[in-house]
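This report concerns only the one structure given below.
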Amino acid sequence: MKLQHLSSSSLSLARVAACLLLTAAALCSCGDFYTYEEDDSQQKPTMVLYRDTIDILAGDTCRLIAFVMPAVSGDVGVEWESDADSIATVTGDSLLALKAGVCKVVARSVVDATVADTCLVRVVGPWRDQKGEYMNETVVYADISVHGRQPSDMLLVGAFVAGELRGVPVRQEWKGIPYYVFRISGRRDVVLGETIKFRAIDRSTFKLYEFDYEVEFDGQSHGTLSNLVSLRID
């Protein structure tokens, strides 16, 4: 057998060719793993509202905010609609609460009506004491704090029986220390024993809170100046 002498340059070319053949074979064996096809389609946008629940006092307004994700170029436009205009109405992106009740507000893209989201609206009736309709009193001396804030025009607190507002706190001071007094009214035609619950509504964040503490209507006083009932949400 006759051996043919190969130059170093020929050997280098042969090695390169062999490597190329092996690489091609490997790519073919891996199927579509190395295949890149550009996808011209875009992900369908979704809409998310800033709040999924709005607790609002009758007569108050709230600005409605919707986010479209992923962000798209241009203005998608949002239409708002209330399913109960007698409870709350929407003008532009402003919600106006009219009377106590529950409704839903729907936001839809004007470009694609299937891009939408809904929030629940719970309208709380006027936060007023109704002493004229009741008699008797249960008194509660309390320390009140909601995330470090005390009752104010923007943070309303009340005592409720069967969903009715029966008393609001009055701020007092003892030896320079503030406290609050509830004088909670009972119905004329109902015997003692109704459950009193305490709630707060934040008119700036549109959230309704319920305190853990509750007490029976018994015509007595609860808490003292040296041992106040704690109504706190931290």
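Kindly provide the set of residues from segment 179-234 that are part of a loop (DSSP other than H, G, I, E, B) and of a type in the set (S, T, N, Q), ordered by number.
Step one: list which residues in segment 179-234 are part of a loop (DSSP other than H, G, I, E, B), which gives 187-194, 203-206, 217-220, 223, 225-226, 228, 234.
If the condition is that a residue be part of a loop (DSSP other than H, G, I, E, B) and of a type in the set (S, T, N, Q), then S204, T205, Q220, S226 are the ones that fit.
Go through segment 126-164 residue by residue and tally those that are assigned to a strand (DSSP E or B), at pLDDT below 90 and closer than 28 Å to L98 by Cα.
Of the residues in segment 126-164, the ones assigned to a strand (DSSP E or B) are 135-146, 149, 155-161, 164.
If we keep only those that are at pLDDT below 90 as well, we get 135-137, 161, 164.
Pick out the ones that are also closer than 28 Å to L98 by Cα and you get 161, 164.
Qualifying residue count, segment 126-164: 2.
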>> Just to verify a result, which residue in segment 84-98, among those that are in a loop (DSSP other than H, G, I, E, B) and modelled with pLDDT of 95 or more, is surrounded by the most Cβ atoms within 10 Å (Cβ to Cβ)?
In response: I87
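Is it the case, given these coordinates, that R183 is closer than 18 Å to S230 by Cβ and of a type in the set (K, R)? Explain how you work it out, then say what you get.
Numbers: closer than 18 Å to S230 by Cβ: no; of a type in the set (K, R): yes.
For R183, the condition - closer than 18 Å to S230 by Cβ and of a type in the set (K, R) - is not met.
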>> Tell me whether segment 218-225 contains one or more residues that are surrounded by 12 or more Cβ atoms within 10 Å (Cβ to Cβ) and closer than 26 Å to D55 by Cβ.
In response: no
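The values are calculated or read from the model by the stated rules, or taken from the named source; none is laboratory data. These numbers were taken from a predicted model, which means no experiment stands behind them. Virtual Cβ from ideal backbone geometry, glycine too; neighbours counted across all protein chains shown.
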